[in-house]
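Structure first, commentary second.
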Amino acid sequence: MVKKLLSAARPEDRAHVQYHISCGPGDVARYVLLPGDPDRVQKIASQWSSRRKVAQHREFITYTGKFKGSPVSCTSTGIGGPAAAIVVEELLRVGADTFIRVGTTGALSKGTRVGDVVISTGSVRLDGTSSQYVWTGYPAMANYEVVAAMVQAAESLGVRYTLGVTASTDSFYTGQGRPGFRDYMQHQSEVIIDDAKRAGIVNFEMESATIFTLAGLYHARAGCVCAVIANRETDEFVKEAGVSEAISVANTTVSILNEWDNLKEANGKRNFYPSLLFKNR
Ligand code: URA
């Protein structure tokens, strides 16, 4: 169907429904889970007490509902920084302010086992998208409230997790030290795993640096929890390993953040700090 949008620079309709994600104001909660895989959206929403499909366009599927009384949405980003940036840009325009990436990852050391999850404290910007927004020295940081809520979620659920710095690449193969077609590889790819390990980097994935950078620039909050489906040291790859656990951590993170946000509001505070939990009790 041919449909005229507001302008080339503002690709949305009169009701502010966004071009790519097909969501408008009121369609999404402030807390939005961001899996890469569109097929994972329904799996995430199946843990909610209520859910409705809000929109579907290209690789972007959105559900909105409630998890343990907290309003929540989930939008798939597809793979990589360019699409993830589109999703964050458009969700911000329709009312989201907290982004929880729930993805899959390759761990770099034996200690982070296939089936575990990784909670990112920040990401090395090996993507291309974030440098089209800001200098490469600008940090891609996870929000401290989201990280703390993720740690609490993993602890309360008994999920094995590693906390640390992630590297986000724009290439799954050569960018993460996997040979390209017919074993194509440049020297930089041959050493990337070793260099990343020397720098204490825990895992490779493909979206968190872009999401964290945009969230930082726009004063939004973001975090990332990933299921470890691959381990580059043991050379294992197990599809869907740890995915249910990562989803449970992400959903539980939303209910913890909602509780903390309510406490902040009740106490007139902008930022969460632990002793807020014990005030007025
Ligand atoms: N996702 C990645 O980006 N890398 C892996 O090794 C596994 C999942």
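Take the Cα of Lys68, step 7 Å toward its Cβ, do the same at Leu5, and the gap between the two points is 3.7 nm. Under 16 Å of direct C-alpha separation, and excluding same-chain neighbours fewer than eight residues apart, Lys264 reaches these lysines: Lys279. Normalised per residue, the accessible area of the stretch 31-271 is 43 Å², obtained with a 1.4 Å probe and no contribution from ligands, DNA or RNA. Applying 1/(1 + (r/R0)^6) with R0 = 25 Å to the Cβ-Cβ distance of Leu157 and Glu265 gives a FRET efficiency near 0.45. For the stretch 213-255, a crude dipole built from +1 on the beta carbon of Lys and Arg and -1 on the beta carbon of Asp and Glu, taken about the Cα centre, is about 280 debye to the nearest 20. Restriction of the chymotrypsin sites (Phe, Trp or Tyr not before Pro) in the stretch 142-217 to DSSP coil positions whose beta-carbon has at most 12 other beta-carbons within 10 angstrom yields Tyr184. Considering only Cα atoms, the convex hull volume of the stretch 221-281 works out to 114 Å³ per residue. Kirkwood radius and radius of gyration were both taken over the C-alpha atoms of the stretch 146-281, and their ratio Rg/Rh is 1.06.
Inter-label distance, Tyr184 to Asp13: 4.1 nm, where each label sits 7 Å from its Cα along the C-beta direction. Can you give the FRET efficiency for Leu277 and Ser50, using 1/(1 + (r/R0)^6), R0 = 25 Å, r = Cβ-Cβ distance, to the nearest 0.05? Working from the Cβ atoms, E equals 0.35.
Over the chain, dividing the summed -39,500 (n - 2.57) contributions of all DSSP H runs of at least 4 residues by the number of residues returns a 222 nm mean residue ellipticity of -9000 deg cm²/dmol. Using C-alpha pairs under 8 Å with a sequence gap of at least 6, the mean separation divided by the residue count of the chain gives a relative contact order of 22 percent. Taking every Cα-Cα distance in the stretch 133-186 and sorting them into 10 Å bins from zero, the calculated P(r) comes out as 18, 29, 29, 20, 4 percent.
How large, in Å, is the stretch 1-123 by the Kirkwood hydrodynamic radius built from its alpha-carbon pairs?
15.4
Calculate the translational D of the chain in whole µm² s⁻¹ from Stokes-Einstein, where the hydrodynamic radius comes from the Kirkwood formula applied to all Cα pairs, the temperature is 20 °C and the viscosity 1.002 mPa s. The calculation lands on 112 µm²/s. Note on the stretch 59-112: semi-axes of the ellipsoid equivalent to its C-alpha gyration tensor, largest first and rounded to whole Å, are 24, 17, 10. Annotation: Lys53 carries an accessible surface of approximately 100 Å², with a 1.4 Å probe and no ligand, DNA or RNA atoms counted.
The values are calculated or read from the model by the stated rules, or taken from the named source; none is laboratory data. Just so it is clear, the model here is predicted, and its values are computed rather than measured. Quick reminder, even Gly has a Cβ in these numbers, built from the backbone with ideal geometry, and neighbours come from all protein chains shown. Surface areas here come from the heavy atoms of the whole protein model, side chains and all, with no ligands, DNA or RNA. Shrake-Rupley method; radii C 1.70, N 1.55, O 1.52, S 1.80 Å.
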